[in-house]
Structure formats: C-alpha cells, structure tokens
C-alpha cells in the first residue's frame, strides 16, 4: 500500500510541474520505483501462485515454471545430463550473480552438469528431499546422470 501511495505522489509531482520540465532525478526515481514495484509483485505472485513441474522420460528432462499468467519451460536432453547432486543455498551463490535464487525465481536444490555448464532444478525443496528425488531418478532412469569417472 505504501508503494502505491509513493507511485501516485511521484506521478502527480511529475505531471504537475506548471509548464516546466520535470526534474531528471524525479523521472529517474519514478522509473526505478515503478520497476521495483513490478518486481515485488512478480516475486509475490511466484511465491504464492507459481509452481515448478519437472517431467522426466528416457530422452528428456523438462522443467516448467508456471506463473499466474504464463509459463516458461526448458528441455534438457538426457544424453547430455551428468552428475546429479544436491546443492545447498549459500551466500556465495548470491555473490556469483545468483541473486534471484534468494527470491525463489531461479536456481534450485538439484544440480547437474549439462553439456559444458550446470543446470539447477527443484525450487523450494530442502537438501533431504533433493537427495531422495535424485535417488529415485537414478534408480528409475539408469542411463540418466551417471557421475563422471
């Protein structure tokens, strides 16, 4: 509510400058205020209404993140998946550019090597659950994710 009040006050100030050009700082501040509000709404919607769905077959692992109005999917070919492991959330992951992991918008507790990089899935699960899921995946799909020798 305070954010909306601030938005109204800033827009009112920009529109009521009595024929003068509005201050560049106020316009810049209004843009930042608006964008941060949109991000806050998006984070709130994801944390309350969003979900991650993981589907696995012999040929692909599909991760879908379903938001209120849209969804995003990524498909991983199983022949390129290696070394399933549990990854913990640590402050160092924030330092390495994973800032959206803190808000639950990226990352995950299950990590695997995929082609030349790494991929993460399993938002909102703890390390114990991730370990159990990895064991089920390894038992059911023996060709997926062998550890490097």
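The values are calculated or read from the model by the stated rules, or taken from the named source; none is laboratory data. Here the structure is a predicted model, which means the values were calculated and not measured. As a convention, Cβ positions derive from the backbone with ideal geometry for all residues, glycine included, and neighbour counts pool all protein chains shown.
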For this session: Please verify whether the range 69-77 includes one or more residues that are touching a residue at least 60 places away in the same chain (Cβ under 8 Å), surrounded by 13 or more Cβ atoms within 10 Å (Cβ to Cβ) and assigned to a strand (DSSP E or B).
Result: no
Seminar exercise, completed: Note: among 83, 16, just one is over 25 Å from residue 144 (Cβ atoms) and either modelled with pLDDT of 85 or more or out of contact with any helix residue (DSSP H, G or I) (no Cβ under 7 Å at 6 or more places or on another chain) (or both), namely 16
For this session: Output the number of the condition that residue 8 fails; it satisfies all remaining conditions of (1) surrounded by fewer than 12 Cβ atoms within 10 Å (Cβ to Cβ); (2) free of Cβ contacts under 8 Å to residues at least 40 places away in the same chain; (3) part of a loop (DSSP other than H, G, I, E, B).
Result: (3)
